[in-house]
Amino acid sequence: MDYPSFFKEKLQDIKTEGRYRVFADLERCAKDFPYAFYYNDGNPRRVVVWCANDYLAMGQNEKVLEAMQSAIGRVGAGAGGTRNISGTNHYHVLLEKEVADLHDKEAGLIFSSGYVSNEASVSSLASHLPDCVVFSDSHNHASIIQGIRNSRVHKEIFRHNNPAHLKELLSRYPKERAKLIIFESVYSMDGDIAPIEAFCDLAEEFNALTYIDEVHAVGMYGHKGGGIAQREGQSHRLNVIEGTLGKAYGVVGGYIASTSDLVDFVRSFASGFIFTTSMPPAVAAGALASIQHLKTSQAERAKHQERVAKVKKRLIQAGIPFMPTNSHIIPIMVREAHQCKLASDMLLKEHNVYVQPINYPTVPRGTERLRITPSPVHTDQMIDELIDALKSVWDHLYIEYVA
């Protein structure tokens, strides 16, 4: 086996396909987001970030920064180990209570990331429920897919956001058999929203547990930021709500919220929780401050929705093709991998606009795109400059406009 040649050839394959991932060397500007410094050949220059998941710019919120700085001064940098070894820091306790209250659930459990919270929770629940069948939306995130794989249980994949197909699959199994229905509220690449009420109706009809991933919705929707389920009055019908602290809340980490017994079950059986060094207390303090602020403040959500609507309007006026969505995620369609990468490179190098290309396997071939995520702090001038830059790139690369 020629190991060096193997790795080199595999890398060359994805480069030839136009889907080799290049990470831009960026330094976010504290208190000046969405600006960042782009380091290219050692010469930093200021660019505008248009694809961050810090949807509400809470990563620079004064309350969040002060809470983190205060926690570092009080308890130091790290947690010291797993929660079993080093004990549960008091900031973890406070944050889990806040997460539970956010979703009107009995208990919460925090993890080191949203990926880990999905993988650990899904795998532990599915593997321990006797003879469990998992019903998973075809567009579910890689972390959910990995959790299902690790559980080694039987799975059924239902067509995306399709209650009729889910019902057809559920009807093949006895009502008494353990079932777990897993779906997301807002899907990160297409920006579409799940029919939560219909899925909950099916779960009740066929005696299934429901597990919803709200990572792209928490902080963004609902009267206190509890997500799409909260906005639609369905939170009480969902057995497990999973969320992240690394997007709208501007920090890092993941969590689940559910009944006390279910949360305690995951705490007791999930390897991804038990054997991982716990979240740094300062991160927990920042997340706590962010959730508390967004539970009462509507200003960020209102401004954000206004900015999203304005960007969509300007794209329509310019004839730039984008996938229509009911959420804050705007997929601008290029539909070819090399063109998508070239468009991203030109925007950054010639127009100081940072938008990452989204290619296969994240999205299917032929649906390559630029994923725009406006924030409350993107100004009118920034929007105008974005539209002008996109038109320039579209003209240069002969990408198709829409009427």
Taking only the alpha-carbon atoms of segment 128-169, the convex hull volume per residue, in cubic angstrom, is 64 Å³
For q values of 0.07, 0.08, 0.14 Å⁻¹, compute log₁₀ I(q)/I(0) with the Debye formula on a Cα-only model of the chain, without solvent. -0.35, -0.46, -1.33
How many angstrom lie between the Cα centre of segment 214-254 and the Cα centre of segment 64-133? 15 Å
Flagged as over-length at 29 Å C-alpha distance, from Lys31/Lys349; Lys63/Lys97; Lys10/Lys312, the pairs are Lys10/Lys312
Would you work out the charge dipole size for segment 291-377 about its Cα centre, treating the Cβ of every Lys and Arg as +1 and the Cβ of every Asp and Glu as -1, and quote it to the nearest 20 debye? 260 debye
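With a sphere of radius 11 Å drawn around the Cβ of Ala284, what net charge do the other residues whose Cβ falls strictly inside it have (Lys, Arg +1; Asp, Glu -1)?
-2
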So who's got an amide H within less than 5 Å of the one on Phe135, skipping anything under 5 residues away but keeping other chains? H placed 1.01 Å off N, in plane. Glu156, Leu180, Ile181, Ile182
15 Å beta-carbon shell around Asp380, net charge (K/R +1, D/E -1): +2
Given charges at beta-carbon only (K, R positive; D, E negative), |dipole| of segment 1-139 in Debye: 440 debye
Using only helices, what value at 222 nm comes out for the chain when you add -39,500 (n - 2.57) per DSSP H run of length 4 or more and divide by the total residues, to the nearest 500 deg cm²/dmol? -13500 deg cm²/dmol
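Taking the square root of 5 times each eigenvalue of the Cα gyration tensor, what semi-axes in Å does the equivalent ellipsoid of segment 169-240 have, largest first?
Semi-axes, largest first: 24, 13, 9 Å.
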Using a Förster distance of 45 angstrom, determine the FRET efficiency expected from the C-beta separation of Gln69 and Glu168, and round it to 0.05. 0.25
List the equivalent ellipsoid semi-axes of segment 26-167 in whole Å, largest first, each obtained as the square root of 5λ for an eigenvalue λ of the Cα gyration tensor. 35, 25, 15
Run the reach check for Lys15 against lysines, Cα to Cα strictly under 16 Å, same-chain hits fewer than 8 apart removed. What comes back? Lys341
Compute the long axis of helix 337-351 from its Cα atoms, compare it with the longest principal axis of the Cα atoms of the chain, and write down the angle in degrees, 0 to 90, nearest 10. 60 degrees
Once every Cα of segment 24-90 carries one equal point scatterer and solvent is ignored, give the base-10 log of I(q)/I(0) from the Debye formula at q = 0.20, 0.21, 0.25 Å⁻¹, two decimals. -0.87, -0.90, -1.01
Given bins 10 angstrom wide, list per bin the percent of all Cα-Cα distances in segment 221-315, short to long. 13, 36, 35, 12, 4, 0
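With N residues in segment 301-375, what two-decimal value do you get for its Cα radius of gyration over 2.2 N^0.38 Å? Could the numbers behind the result be given before it?
Values: Rg = 12.6 Å, N = 75, 2.2 N^0.38 = 11.3 Å.
Taking the Cα Rg and dividing by 2.2 N^0.38 Å, one obtains 1.11.
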Sequence ranges 369-375, 198-204, 127-133, ranked by mean other-Cβ count within 10 angstrom, highest first: 369-375, 198-204, 127-133
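For the chain, with all protein chains present and a 1.4 Å probe, just round the carbon and sulfur fraction of the accessible area to a whole percent.
Answer for the chain is 52 percent, counting heavy atoms of protein chains only.
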Net charge of Cβ neighbours under 11 Å - reference Ser392; Lys, Arg +1; Asp, Glu -1: -3
Gain on full stretching of the segment that runs from Ala198 to Glu9 - 0.36 nm per residue minus C-alpha separation: 63.4 nm
Per-residue ³J(HN,Hα) for segment 43-48, Karplus 6.51 cos²θ - 1.76 cosθ + 1.60, θ = phi - 60°, Hz, x for Gly and Pro: 10, x, 9, 7, 10, 9
Given H placed 1.01 Å from N in the peptide plane, which residues other than close sequence neighbours of Ile372 have an amide H under 5 Å from its amide H? Ile330, Ile332
Expressed as a whole percent, how much of the Cα-Cα distance distribution for segment 138-213 exceeds 17 Å? 42 percent
Compute the Rg to Rh ratio over segment 83-194 from the alpha carbon atoms, using the Kirkwood formula for Rh, and round to two decimal places. 1.02
Quick one: Karplus J couplings for segment 205-210, per residue in order, coefficients 6.51, -1.76, 1.60, θ = phi - 60°, nearest Hz, x for Gly and Pro? 5, 10, 6, 10, 7, 10
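If you rank Tyr35, Tyr360, Tyr187 by how much accessible surface each has, with a 1.4 Å probe, what is the order from largest down?
Listed by decreasing accessible area, they come as Tyr360, Tyr35, Tyr187.
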What residues qualify as long-range amide H neighbours of Phe322, i.e. H under 5 Å apart, gap of 5 or more or another chain, H built at 1.01 Å from N? Met333
Answer check: segment 248-403, Cα atoms, Kirkwood Rh, Rg/Rh ratio of 1.08
At 1.4 Å probe size, with every protein chain present, just tell me what the per residue accessible area of the chain comes to in Å². 45 Å²
What are the ³J(HN,Hα) couplings of segment 387-403, residue after residue, when phi is run through the Karplus curve with 6.51, -1.76, 1.60 and θ = phi - 60°? Round to Hz, x for glycine and proline. 4, 4, 5, 4, 4, 4, 5, 4, 5, 5, 9, 6, 7, 6, 8, 10, 5
Mind jotting down the distance between the C-alpha centroids of segment 374-391 and segment 271-320, whole Å? 19 Å
How high is the relative contact order of segment 39-191, in percent, counting Cα pairs under 8 Å that sit 6 or more residues apart? 16 percent
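The values are calculated or read from the model by the stated rules, or taken from the named source; none is laboratory data. Keep in mind the model is a prediction, meaning the values are calculated, not measured. Don't worry about glycine lacking a Cβ; one is built from the backbone with ideal geometry, like all the others, and counts go over all protein chains shown. Heavy atoms of the whole protein, side chains included, go into the accessibility calculation; ligands, DNA and RNA do not. Shrake-Rupley method; radii C 1.70, N 1.55, O 1.52, S 1.80 Å.
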